[in-house]
Every structure is written in structure tokens, then in C-alpha cells.
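First comes the structure, then the notes that go with it.
The values are calculated or read from the model by the stated rules, or taken from the named source; none is laboratory data. Model, not experiment: these values are computed from the prediction. Don't worry about glycine lacking a Cβ; one is built from the backbone with ideal geometry, like all the others, and counts go over all protein chains shown.
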Amino acid sequence: MKVCVTATSGNLDSQVDPRFGRCQYFVIVDSDTMEFEALPNTSASAVGGAGIQAAQTIANKGVKVVITGNVGPNAYQVLSAAGIDVITGAFGTVREVVNRFKKGELRESATAPTAPMGFGMGQGMSRGRGWGMGGGRGMGRGMRQFTPVIPPQPPVGVPMAPTPMMSREQEIQMLENQMKNLQQQLEQIKKRMEELRTQ
């Protein structure tokens, strides 16, 4: 079975990248043979829509399962529509998480998506560009042409799934999972820094 793991570099011993849409690499592993293909994530530097683009790339590779730290609602929607199971909360190396998956220790996320809308977006460089011509007293009528907002279209070749609605309890669970993931990642970073300092 083809399993895709988000990774910080392109091999089995690289750490899981906690981001889906902006991860550095996708390591696609055959879970039976452990043969793998490493793909640099060309969507990582996209200004917007990185998760959707990344999900489309993975869907086109025949992947059956994605293992990552967090996934946003748009990417989750595309992956689900393509019949791909999503497992979040993963940490460790690519090899470790694939082995845990093979042993049945990792399960499909019941509360996916695990990242809120807009989580991990761009560099925040945009500035307000409103015209401010209204003046609040009807002073701006007719001064600017109205441009209708066009809703986002479903990705090409992937049917649009309904947006998953979360209950209050599910959102609390999602946030608790995110907090746990961040704490684990922080521990890994501290451990690695200690290793580097003692070398």
C-alpha cells in the first residue's frame, strides 16, 4: 500500500514535518517493501492554496493513506474526496511512523481536519487596499464599480466534499490534539538541541 508521510527531508530517517500543505517533502512509501519515493513539495512556497495543491499532487500519486502532524480543512476535503485516509498527530521519523502504521498503532483521524482555516498561510505581507469611499452617509454610492466575489471552485478532477462541521466537543478535541502535537514537537526540538550541544 502506498503511504505518504510529510517529512523535513527526502528519506526514511527524516523527521515527520508537522505541516501538510507546507511540508518540505512528501515521502511516499510502499508499506510492504519500504521502497520509497521522495517528492519536494512544490506547493510549500505558494502564496495561497498550498494545502489544496499538495493534496492534488498526492491524489495523483495513487496514495491510499497520508500521515502528517496537522492538515487543514481544504486539504482534508480534497484528500477525503479522493478516497485517501488521513492520519494526524504523527511524530518521529518517516520509518518509525510507517512501522507504527503497519502495526495498527496509528488510526485515521476521527476529528480531521486538525488545523484551522488559514493555519500556516503565507508570510502576512498583504496590506489593506479598501477604498474607504463610503463615508458612512451614503457619500460613496456609485464611486467604485462593484466586483462580485466568486466562490472557490472545486479542484479539477476532484469532486467537492461537504465541509466537515465540527461540534464544540470535536473542536475541543482537535485543539487538545494540536496542543499535544506541539508539546511533542517542542520536546523533540529540545532533545535535538541537547544532542547538538554535546557533540
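Observations on the structure shown:
- Among (1) at pLDDT below 95; (2) in contact with a Phe, Trp or Tyr (Cβ under 7 Å, 6 or more places away or on another chain) - the single one Val3 does not satisfy: (1)
- Filtered by the rule that a residue be at pLDDT 90 or above and touching a Leu at 6+ places or on another chain (Cβ under 9 Å), region 72-95 gives Asp85, Val86, Ile87, Thr93, Val94, Arg95.
- Being of a type in the set (Ser, Thr, Tyr), loosely packed, with under 14 Cβ neighbours inside 10 Å and modelled with pLDDT under 95 holds for only one residue in Thr42, Thr8, and it is Thr42.
- Which numbered condition Lys61 fails, given (1) out of contact with any Cys (no Cβ under 9 Å at 6 or more places or on another chain); (2) within 17 Å of Asp85 (Cβ to Cβ); (3) surrounded by fewer than 20 Cβ atoms within 10 Å (Cβ to Cβ): (1)
- Taking the criterion of being outside any helix (DSSP H, G or I), in contact (Cβ under 8 Å) with a residue 24 or more places away in the chain, under 18 Å from Leu106 (Cα atoms) and under 13 Å from the mean Cα position of the chain (by Cα), the residues of region 71-95 that qualify are Val71, Val86, Thr88, Gly89, Ala90.
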